[in-house]
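Worksheet for the structure shown next.
No value in this document is a laboratory result; all are computed from the given coordinates. Small disclaimer: the values here were computed from a predicted structure and weren't measured. No Cβ is skipped: glycine too gets one built from the backbone with ideal geometry, and neighbour counts run over all protein chains shown.
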Amino acid sequence: MTDIGRYRLVVFDCDGTLVDSQHNIVAGMIAAWRRHGLPEPTPEQIRRQVGLTLEIGVARVLESDDPVMIANLANAYREIVRDLRSRAELHEPLFDGIRELIDTLTAPAIFLGVATGKNLVGLKHTLDELGLRDRFHTLQTPDHCRSKPDPHMVLRAMAETAVEPEETVVIGDTTFDIEMARSAGATAIGVGWGYHAVEELHAAGANAVLKHPSELIHCLQSLSANR
């Protein structure tokens, strides 16, 4: 049985942590801006907001609080992504080492979860395409949760699995994930292969930042031993 110390619930972010979806997100957002005749945002502007609920991310990229334009852009993005999905052109490969990590975390005493800015339909599609849907015990999305960095997603995941904060670890690539985890009283682990810089993850309060998924097990064992 896999030993991850005191931890019983492992909650992953999706985009930028489990899967590399930045091409889809950037292309979809730029297409939405074009559809409404707006100057295109840069890829970096878009990547900075990945992980937030769509409308919040759109507002931050747009640098406006105009509710009509925010709704129009968000709806356009959703339509574009749905179209890509329907044509099987939505490519979201797992990052190297993630599948092996999930296989390693297979144990009756370990719950796996996802907390993401994707909607539930999109998340289930992604996990189904990867053959991983049945590996996760709790899925938290903006359909029923407040946006990161609010701790709502993690609190719901803990409630659904009856796991305490000190037994919970959140793994993500953005400062939104780190802040969410800390606000929920969980351990916060950053990853160095996503959309925010390693230095930012440390500054946000990450307990550790991984260079590769294979480091997670030892990291959790060490954190458990040093608590």
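Checking the cross-link filter: which aspartates and glutamates have an alpha carbon closer than 18 Å to that of Lys211, excluding same-chain neighbours under 8 positions apart?
Lys211 reaches Asp13, Asp15, Asp20, Asp96, Glu100, Asp173, Asp177, Glu199, Glu200.
What ³J(HN,Hα) values, in whole Hz, does the Karplus curve 6.51 cos²θ - 1.76 cosθ + 1.60 give for segment 59-71 when θ = phi - 60°, with x put for Gly and Pro?
Those phi angles translate into 4, 6, 5, 6, 6, 8, 10, 5, x, 5, 5, 4, 5 Hz.
Straight-line reach from Lys148: which lysines fall under 18 Å, measuring Cα to Cα and dropping same-chain residues less than 8 apart?
Filter leaves Lys118.
Between Ala208 and residues 5 or more places away or on another chain, which pairs have amide H atoms under 5 Å apart, with H built 1.01 Å from N, and which residues are they?
Under 5 Å from the amide H of Ala208 lie the amide H atoms of Gly190, each far enough along the sequence or on another chain.
Can you work out the Karplus-derived ³J(HN,Hα) for every residue in segment 92-101? Use 6.51 cos²θ - 1.76 cosθ + 1.60 with θ = phi - 60°, whole Hz, and x for glycine or proline.
10, x, 5, 5, 3, x, 5, 4, 5, 5
Stretch Thr2-Val121 to full length: gain in nm at 0.36 nm per residue minus the Cα-Cα span?
Additional length available on full extension: 39.7 nm.
Mind checking segment 40-121 for GluC sites (Glu not before Pro) that DSSP puts in a loop (not H, G, I, E or B) and that have at most 16 other Cβ atoms within 10 Å?
Counting only loop positions with at most 16 other Cβ atoms within 10 Å, the GluC sites (Glu not before Pro) in segment 40-121 are Glu63, Glu89.
Evaluate E = 1/(1 + (r/R0)^6) for Ala27 and Glu164, where r is the Cβ-Cβ distance and R0 equals 41 Å; express this FRET efficiency to the nearest 0.05.
The computed FRET efficiency comes out at 0.50.
Quick one: which residues, 5 or more positions from Ala115 or on another chain, have an amide H under 5 Å from its amide H? H modelled 1.01 Å from N in the peptide plane, none for Pro or chain starts.
Here the answer is Phe12, Asp13, Cys14, Gln140, since their amide H atoms fall under 5 Å of that of Ala115.
Using θ = phi - 60° and the Karplus relation 6.51 cos²θ - 1.76 cosθ + 1.60, list the HN-Hα couplings for segment 181-194 in order, rounded to whole Hz, with x at every Gly or Pro.
4, 5, 5, 8, x, 9, 6, 10, 10, x, 10, x, 10, x
Where both partners of a DSSP beta bridge lie in the chain, what percent of those bridges are antiparallel, to the nearest 5?
Beta bridges within the chain, antiparallel portion: roughly 5 percent.
Scan around Val19 for amide H atoms under 5 Å from its own, H built in the peptide plane at 1.01 Å from N, and keep only partners 5 or more places away or cross-chain.
Amide H neighbours of Val19, under 5 Å, 5+ apart: Phe95.
Given 0.36 nm per residue, what is the gain on full extension from Asp83 to Glu129 after removing their alpha carbon distance, in nm?
15.0 nm is the gain from fully extending Asp83 to Glu129.
For segment 124-227, with only Lys/Arg (+1) and Asp/Glu (-1) charged at the beta-carbon, what is the dipole magnitude about the Cα centre, in debye rounded to 20?
That gives a dipole near 60 debye.
Tell me which label goes with the value of Cα Rg over 2.2 N^0.38 Å computed from the coordinates here: (i) 1.03; (ii) 0.99; (iii) 1.16.
Among (i) 1.03; (ii) 0.99; (iii) 1.16, the one derived from this structure is (ii).
Where nothing but the Cβ of Lys and Arg (+1) and of Asp and Glu (-1) is charged, how large is the charge dipole of segment 22-113 around its Cα centre, in debye to the nearest 20?
180
Where nothing but the Cβ of Lys and Arg (+1) and of Asp and Glu (-1) is charged, how large is the charge dipole of the chain around its Cα centre, in debye to the nearest 20?
For the chain, the charge dipole is close to 260 debye.
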